[in-house]
1. Tell me the residue from Leu311, Leu334, Leu301 that is closer than 18 Å to Asp270 by Cα and out of contact with any Pro (no Cβ under 9 Å at 6 or more places or on another chain), please.
2. So, in the range 401-425, how many residues would count as being free of Cβ contacts under 8 Å to residues at least 12 places away in the same chain and either outside any helix (DSSP H, G or I) or farther than 25 Å from Gly340 by Cβ (or both)?
3. Provide a single number: the residues in the range 326-382 that are in a helix (DSSP H, G or I), under 30 Å from Met307 (Cα atoms) and either touching a residue at least 40 places away in the same chain (Cβ under 8 Å) or within 16 Å of the ligand (Cβ to nearest atom) (or both).
4. Got a number for residues in the range 277-306 being within 12 Å of the ligand (Cβ to nearest atom) and either modelled with pLDDT of 95 or more or within 14 Å of Tyr30 (Cα to Cα) (or both)?
5. Quick check on the range 115-122. Is at least one of its residues among the aliphatic types (A, V, I, L, M), at pLDDT 90 or above, within 16 Å of the ligand (Cβ to nearest atom) and over 21 Å from Val77 (Cβ atoms)?
6. Looking at the range 158-172, which of the residues that are of a type outside the set (A, V, I, L, M) and without any contact (Cβ under 8 Å) to a residue 60 or more places away in the chain is farthest from Tyr132 (Cα to Cα)?
7. So the check is Cβ under 6 Å with 6+ separation or different chains; which pairs have a first residue in the range 8-30 that's at pLDDT below 95 and a second one that's among the acidic types (Asp, Glu) and away from the ligand (no atom under 11 Å from the Cβ)?
8. Please list, ordered by first then second residue, the pairs with beta carbon atoms under 8 Å, 6 or more apart or interchain, first in the range 267-280 and farther than 13 Å from Tyr185 by Cα, second near the ligand (Cβ under 7 Å from one of its atoms) and of a type in the set (Asp, Glu).
Amino acid sequence: AETSGFDAKTFGISTAISYPNGAPHIGHAYEVIATDAIARFKRLDGYDVLFATGTDEHGLKIQQTASKAGISPKALVDDMAARFKAMAEALNCSHDRFIRTTEPDHYAAAQELWRRMEAKGDIYLSKYAGWYSVRDEAYYNEDETETAPDGTRRARETGTAVTWMEEENFLFRLSAYQDRLLALYEAQPDFIGPETRRNEVASFVRSGLKDLSVSRTNFDWGVPVPGHPDHVMYVWVDALTNYLTVTGFPDEADSRKKFWPMDLHVIGKDIVRFHAVYWPAFLMSAGLPLPKRVFGHGFLLSKGEKMSKSLGNVVDPMDLIATYGVDALRQFVLREVPFGGDGNYSHEAIITRYTADLSNGLGNLAQRSLSMIAKNCGGLVPEHGDFTEDDRALLALADALPGSVRVAMDKLALHTALADIWAVVTASDRYFDAQKPWVLRKTDPARMAASLYVVAETLRAIGILVQPFMPDSGAKLLDLLAVPAGRRQLADIGEGGRLAPGTALPAPSGLFPRFVEPEAPAV
Ligand code: ME8
C-alpha cells in the first residue's frame, strides 16, 4: 500500500500574524493555542498538516511606534518578533513556519500578487481621501466614524482615533467584487464562521463596497510596489499575502504548494472583514483559489474588562505559563471559552478548572488506578478475562470518542471536544467507584484486575485524545501506560490498539500536582 501513490490528506491552517508593535498578550496566546490544538488534532487524525503563524511587521503603526521609541522599525520588529516566537515555543505551538513579513520570500510573494491584480486591470492610480485609523491600519467611511465626547473623531466599531488623510495612491477595484463575494457567501455557508460574523460581513458587503486604497506614499516602511518604488503596499495587502508565502507562492514547483488553498484561517473577530472581504477579492482578482474557511474567534477579557495599559490588567502570557504550566493554561482557555464567543479569565477561574478537571479529575483517576496496578498487579498491564456488561459499556464509551471529538473539531467546537473527553473521565471515575477494585483485591482478584484493565484502556483513549490540547500531559499519560510512540494516533483508539496484558508499566507518577498558591497571583 505504501507504494500505491496514496497521498495523505492535506490540511493547511494559519493564525493571524500579530503586530509586533508591543509585547504579546493573552489574546495572541489564545489564538496560537486554539490553532495549535486544531493543527495537532488534524495530524492525530492522519492529515499532512502545514501550520503557519508569525508577525505582521510593516505599516504606519510600526513605523510610528519605532520612531517614538527612537529606534528603527527593523530594530523594533526584530526585538518584538523574537518575543512572539518565544511565546509560541513556550506555548508548545507546533507551527511549521513562523513567518515574518520582512523576510525576502514574503516580499516576492506580495509583489507577485500585486502584479497579478494589476495585470487583471484591478489596480489604478487615483486620489484618495478618508478617515484613517493607525491602530486598525484601516480607512473608515464617514458613517463608520463619530465624534467622541472629547471632540476627537473615532471609528465607531473599534473606538480608535481616526485622522483625515488625503493621498494619491493606488486603488483596488473592490467595488467590482461585491456580487462575486455575496455569491461566495451564499454558495459556501462555511466560508465565514461563526454564523453571526457571516451575517455581519454579508450585510457590510450588501451595503456597497468602495474601492480600496492599497498603497501609501507618506511613509516607506513596507513592501515596495512593483515598478513604483515611491509607493509601499498598504499593510493589509502585504499581511494577507503571508498565507500564500508560506505555501511557497509563486513557485509552482514548491513542495508546499499542495497546501494552497488553505483549509482554515483562524483569526479574531475584529479582523473578519479583512479576511472575508478583502482577501477573497484579492485572490479572485489574481485568479487564485480561495481559502476554504475563515473563523473569527472571540476575545479574552480580564474579568469582563478589555485589557488595557491604563487599567493595568495586561498579562504577560509568559507569566501565566510560569504560574500555571502550559497545559493547564491551554486546557483552561479551550475548555472554558466556547470557541467563537468571548471569554473571561481570572486567577480563580483558572485554579477552579485546574483543580476540578485536572488534579481531581483526570490526574486523580490516573493516579488511583495506576498505583493500584503497580501495587497489586506487579506493575504489569492486568489480565482481564471475559468482560462484563459494565466493562463493555465503559470501553464502548472510550471507543466512540474519536467519532464525537472529530465531529466537534470539524465544527471548531473545541470546548465541546473537551467536554466529550471529560464526560468519559467522569464515567470512568464512576465505574471505578462502582467496581471498588480495592474491595475486589480481597474478594475477587481476577475481577479487580479486569476492572483496572478497563480503566487503563479508557485512560489510553483519553491520553491519545488530550494530546492536541495538552501535548505534554497527553504524552506523559501515554508513557505511564507504556503506549509506544508509533501507536498514539486517533486510529489507534479501540480494538486495534488495546493494551496488551503483561506489558510492563513504568512506576506511576502524578500528572497534575495540587496547585500551590503563589505569593503573588499572575492575574
Ligand atoms: O490584527 N482576545 O494583529 P494584532 C483574543 N496584524 N484575540 C485577540 C485579542 C483578545 N483580547 N486581541 C487581539 C492584527 N486578538 C493583524 C493581523 S492577519 C493577515 C494580520 C487577536 O496583533 C486578533 O483578533 O492586532 C488577531 O486575530 C490576532 O490577535 C493578532 O492581532
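The values are calculated or read from the model by the stated rules, or taken from the named source; none is laboratory data. Just so you know, these numbers come straight off a predicted model, no measurement behind them. Cβ: placed from backbone, ideal geometry, glycine included. Neighbour counts: every protein chain shown.
1. Among Leu311, Leu334, Leu301, only Leu301 is closer than 18 Å to Asp270 by Cα and out of contact with any Pro (no Cβ under 9 Å at 6 or more places or on another chain).
2. Total satisfying the criteria: 1.
3. If we filter the range 326-382 for residues that are in a helix (DSSP H, G or I), which is where we start, we get 326-336, 347-376.
Then keep just the ones that are under 30 Å from Met307 (Cα atoms); that gives 326-336, 347-359.
Now restrict to residues that are either touching a residue at least 40 places away in the same chain (Cβ under 8 Å) or within 16 Å of the ligand (Cβ to nearest atom) (or both): 326-336, 347, 349-351, 354-355, 357-359.
Counting residues in the range 326-382 that are in a helix (DSSP H, G or I), under 30 Å from Met307 (Cα atoms) and either touching a residue at least 40 places away in the same chain (Cβ under 8 Å) or within 16 Å of the ligand (Cβ to nearest atom) (or both) gives 20.
4. Summing the residues that are within 12 Å of the ligand (Cβ to nearest atom) and either modelled with pLDDT of 95 or more or within 14 Å of Tyr30 (Cα to Cα) (or both) in the range 277-306 gives 13.
5. Looking for residues that are among the aliphatic types (A, V, I, L, M), at pLDDT 90 or above, within 16 Å of the ligand (Cβ to nearest atom) and over 21 Å from Val77 (Cβ atoms), one finds none in the range 115-122, hence no.
6. Here the residue is Glu168.
7. Ala8/Asp48
8. Ile267/Glu31; Gly268/Glu31
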